[in-house]
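The values are calculated or read from the model by the stated rules, or taken from the named source; none is laboratory data. As the structure is a prediction and not an experimental result, all values here were calculated from the model. Please note: Cβ atoms are built from the backbone with ideal geometry, for glycine as well, and neighbour counts cover all protein chains shown. Side chains included, ligands, DNA and RNA excluded: accessible areas come from the protein's heavy atoms. Shrake-Rupley method; radii C 1.70, N 1.55, O 1.52, S 1.80 Å.
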Amino acid sequence: MSEFTVMMIGPEAVGKTTLLATMYKELNKMRSYARFNFYAENDTGINLDSAYQKLSRIIEQPTFTSIKPLLEGTRGIIYHRFGISFKDKNELDLVFCDIAGGLINVSASDQDFITFQQLLNKASVIINVIDGAVLMEGSDIFSDKINKPSRIRDLLRPALSDKQSHLILFVITKCEAWLNSAEGRNRLMKKFDERFKEVINLIEERINAVGVVIPVKTLGCVEFSRMEKDGEEEKSVFVRRANKKFEPEFTDQPLRYALSFVLAERDKNRGWWEKLFRAWDPSFKESLIQFVKERDISFKTYGNIQLTRIC
Ligand SMILES: Nc1nc2c(ncn2[C@@H]2O[C@H](COP(=O)(O)OP(=O)(O)OP(=O)(O)O)[C@@H](O)[C@H]2O)c(=O)[nH]1
Ligand SMILES: [Mg+2]
């Protein structure tokens, strides 16, 4: 059976674990119509469920306070294992590696960091989570300090330097306030292009890389209100919108894109794939294609888009 690694990257508190927890919940809802089964292995379900419960409780309070970390022990790397089964046979494994944001800044000789960079280099799909509120409303200095585009570029460079293909998903969180209008969405995209120029350039230089920007609503009911001064620091303040429900939107999209890439890679390397792993049930492939086709193709892409094309 085949295994794919999806690596989460991004600094502290940008929303990596929240994205995973809400994505897992959304996928549970989808089970009823997808013909394959997406399930969590070992402790993954318990962990993500407890993160989700914690979020739900906090969100019920009128003033939204940021909680962190969402999962205990997000120091280092946490492996969330998911299986995809079809007709009771396990066909594909996806390992989502969640990191403590602090890890991207530790010394290169730190053992956790070495493991992280190795995982990143071999990851098929890399998800860079970006704090949208700070991106849009923080000063340029603060924005770069929180989202760290230069650091992300430096981490991606070795990963993209081998022949292996990579899909890089830029998932923007905390951007509910800008997703309510086409104008807000355009401003968000423009700002991403501006602040992440160096990362985009790296992807566009490489034939083995494709990038997609996916803004998501992981909470939906909490919107950015204003930036405040907190001593020398800037701080974003969010408000709980009483008229809106805790309703994640677009959190299924990263998975749809990840699976489109897995499918494209498998088709490209069919020979060795089938030697290494069992051939897929053709109707499993058909139902995966169906799932992938429901991805939103209006997201902006960079680099070699052919890499996500499925036959
Ligand atoms: N408004 C809003 N808040 C969010 C969103 N995503 C995450 N948050 C909040 O941001 C805080 C940090 O989220 P986490 O998911 O713990 O961040 P992380 O990137 O996993 O952080 P580390 O594990 O410390 O690296 C939590 O209070 C979340 O509720 C979002 O899309 N919108
Ligand atoms: Mg976390």
Check your understanding: So which aspartates and glutamates can residue 285 reach, going by Cα to Cα under 17 Å and dropping same-chain residues fewer than 8 places off?
Key -> 3, 88, 91, 93, 265, 267, 274, 294
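In the chain, what percent of the accessible surface is made up of carbon and sulfur (1.4 Å probe, ligands and nucleic acids excluded)?
Numbers: 6820 of 13720 Å².
Roughly 50 percent of what the probe reaches on the chain is carbon or sulfur.
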**Study point:** Label-point separation, residue 296 to residue 193 (7 Å along Cα→Cβ), nm
**Key:** 1.9 nm
Check your understanding: How compact and how long is the range 184-284, expressed as Rg and Dmax of its alpha-carbon atoms in Å?
Key -> 20.3, 60
Revision key, fill the gap. Checked against a 30 Å limit on the C-alpha separation, the offending pairs among 235/293; 89/163; 174/268; 16/191; 122/300; 87/245 are 235/293; 89/163; 174/268; 87/245
Review point. Using modelled backbone amide H atoms (1.01 Å from N, in-plane), which distant-in-sequence or interchain residues come within less than 5 Å of residue 92's amide H?
Key: 84
Practice item. Quick one: which residues, 5 or more positions from residue 222 or on another chain, have an amide H under 5 Å from its amide H? H modelled 1.01 Å from N in the peptide plane, none for Pro or chain starts. Key: 241
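Normalised by the number of residues in the chain, what is the relative contact order in percent for Cα pairs under 8 Å and 6+ residues apart?
Working: 545 pairs, mean separation 64.0, N = 311.
So the answer I get is 21 percent.
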Check your understanding: How large is ³J(HN,Hα) for each residue in the range 293-309, as worked out from phi by the Karplus curve 6.51 cos²θ - 1.76 cosθ + 1.60 (θ = phi - 60°), to whole Hz, x for Gly and Pro?
Key -> 5, 7, 6, 7, 8, 8, 5, 6, 10, 9, x, 7, 5, 4, 5, 10, 6
Review point. Of 110, 88, which has the most accessible area and how do the rest follow, probe 1.4 Å?
Key: 88, 110
Review point. Mind checking the angle between helix 111-122 and the chain's longest principal axis? C-alpha axes, 0 to 90 degrees, to the nearest 10.
Key: 60 degrees
Study note, to complete from the structure: For the chain the translational diffusion coefficient, Stokes-Einstein from a Kirkwood Rh over Cα pairs at 20 °C and viscosity 1.002 mPa s, in µm²/s, is roughly 107 µm²/s
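Using a probe radius of 1.4 Å on heavy atoms only, what accessible surface per residue do you get for the chain? Whole Å² is fine. All intermediate terms of the calculation are to be shown ahead of the outcome.
On the way: 13720 Å² over 311 residues.
On a per-residue basis, the chain sits at 44 Å².
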Study note, to complete from the structure: Whole-Hz Karplus couplings 3J(HN,Hα) for the range 84-95, θ = phi - 60° and coefficients 6.51, -1.76, 1.60, Gly and Pro as x, run 10, 10, 9, 6, 6, 10, 6, 9, 7, 10, 10, 10
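Round to the nearest 0.05 the FRET efficiency obtained for residue 41 and residue 305 when R0 = 41 Å and r is the Cβ-Cβ distance. Before the final figure, lay out the partial values.
Working: r = 32 Å, r/R0 = 0.78.
Efficiency, from the Cβ-Cβ distance: 0.80.
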Review point. In deg cm²/dmol and to the nearest 500, what is the mean residue ellipticity at 222 nm of the chain if only DSSP H runs of at least 4 residues count, each as -39500 (n - 2.57), divided by the residue total?
Key: -12500 deg cm²/dmol
